[in-house]
Amino acid sequence: MKLIKNQSRNLLTQGVLINILGMAVGSILLTNISINQVQASCAAPYGNLDFEQQPSSYWLTEGRAGFDINKGYSFRGQNNAWIRNVSDWNAIRQQVRLKPNSNYTLEAYVRTSANVTDGYFGVRDTQQKVWSELKFGSLPQYTKLTLQFRTGNASTYNIFTGFWALGQDSWVQVDNYSLKGPSPSCPQ
């Protein structure tokens with residue numbers, strides 16, 4: 001009889017431990033699922049980098065610029081951005097959220113008219129001050145531009161491509177941006 005009581009007590013203890021362990025694992029799994037859902041909800045801080053979604057609310061223009069839709073001027077896909085003028089600064093830009101103090105690589109395909117000598121591709125802060133940039137001149141064929149940079153303490157920047165038009169009709173076409181680096185932390 002004593003042996004049966006001990007076995008019953010051991011089975012009861014094992015059953016309780018299994019239930020406690022099961023609840024703990026379930027709780028951990030549910031916690032991980034909700035954490036992953038939060039991370040996924042803010043993992044895309046930029047959009048329409050290939051200009052295929054039109055109209056594009058992600059991109060802002062400076063000076064004279066816009067988007068070619070189904071005109072056959074794109075590097076890949078159906079659409080691209082254009083920047084064209086005879087004078088002043090002209091550009092496109094998009095505000096992006098990045099992880100502070102992290103390394104990124106910004107890429108895009110750019111081509112220009114033969115008279116472009118003062119083009120810029122890069123990153124600016126929220127006050128539009130240049131953070132990091134690459135200068136380019138005439139690019140008769142789509143050319144991949146690559147800029148590696150490191151963010152500072154801020155989490156918001158602007159990616160851009162633009163040029164100074166120097167008194168004659170000049171143009172720049174841009175397509176297929178890519179921004180590689182760590183996803184920013186989700187807002188608290």
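The values are calculated or read from the model by the stated rules, or taken from the named source; none is laboratory data. None of these values were measured; they are calculated from a predicted model. Cβ placement follows ideal geometry from the backbone for every residue including glycine, while neighbour counts extend to all protein chains displayed. The protein model used for the area step is the full one, side chains on, heavy atoms only, and it has no ligands, DNA or RNA in it. Shrake-Rupley method; radii C 1.70, N 1.55, O 1.52, S 1.80 Å.
When you look at residue 123, is it buried (at least 19 other Cβ atoms within 10 Å of the Cβ) and without any contact (Cβ under 8 Å) to a residue 60 or more places away in the chain, yes or no?
Working: buried (at least 19 other Cβ atoms within 10 Å of the Cβ): yes; without any contact (Cβ under 8 Å) to a residue 60 or more places away in the chain: yes.
Yes: the conditions hold for residue 123.
Take the residues in segment 80-121 that are among the hydrophobic types (A, V, I, L, M, F, W, C) and not in a strand (DSSP E or B); name whichever of them is farthest from residue 137 (Cα to Cα).
For segment 80-121, the residue satisfying everything is 98.
Give all pairs with beta carbons closer than 6 Å in which a residue from segment 156-168 that is surrounded by 14 or more Cβ atoms within 10 Å (Cβ to Cβ) meets a residue that is of a type in the set (Gly, Ala, Ser); count only pairs at least 6 apart in sequence or on separate chains.
Partner pairs satisfying both residue conditions: 160/91; 162/91; 163/119; 165/87.
Name every residue in segment 58-79 that is assigned to a loop (DSSP other than H, G, I, E, B) and either in contact with a Ser or Thr (Cβ under 7 Å, 6 or more places away or on another chain) or farther than 15 Å from residue 165 by Cα (or both), in order of residue number.
58, 59, 70, 71, 72, 73, 74, 75, 76, 77, 78
For segment 145-153, check the following and say yes or no: at least one residue is among the hydroxyl-bearing types (Ser, Thr, Tyr), open to solvent by 50 Å² or more (accessible area, probe 1.4 Å) and assigned to a strand (DSSP E or B).
The first filter runs over segment 145-153 and keeps only residues among the hydroxyl-bearing types (Ser, Thr, Tyr), leaving 146, 151.
With open to solvent by 50 Å² or more (accessible area, probe 1.4 Å) added as a condition, the list becomes 146.
Of the ones still in play, those that are also assigned to a strand (DSSP E or B) are 146.
Yes, segment 145-153 has at least one match.
Give me the pairs, please: first residue somewhere in segment 177-188 and open to solvent by 80 Å² or more (accessible area, probe 1.4 Å), second residue anywhere and at pLDDT 90 or above and of a type in the set (Phe, Trp, Tyr), beta-carbon distance under 9 Å, and either six or more positions apart or on two chains.
Listed by first residue and then by second, the contacts come to 180/104.
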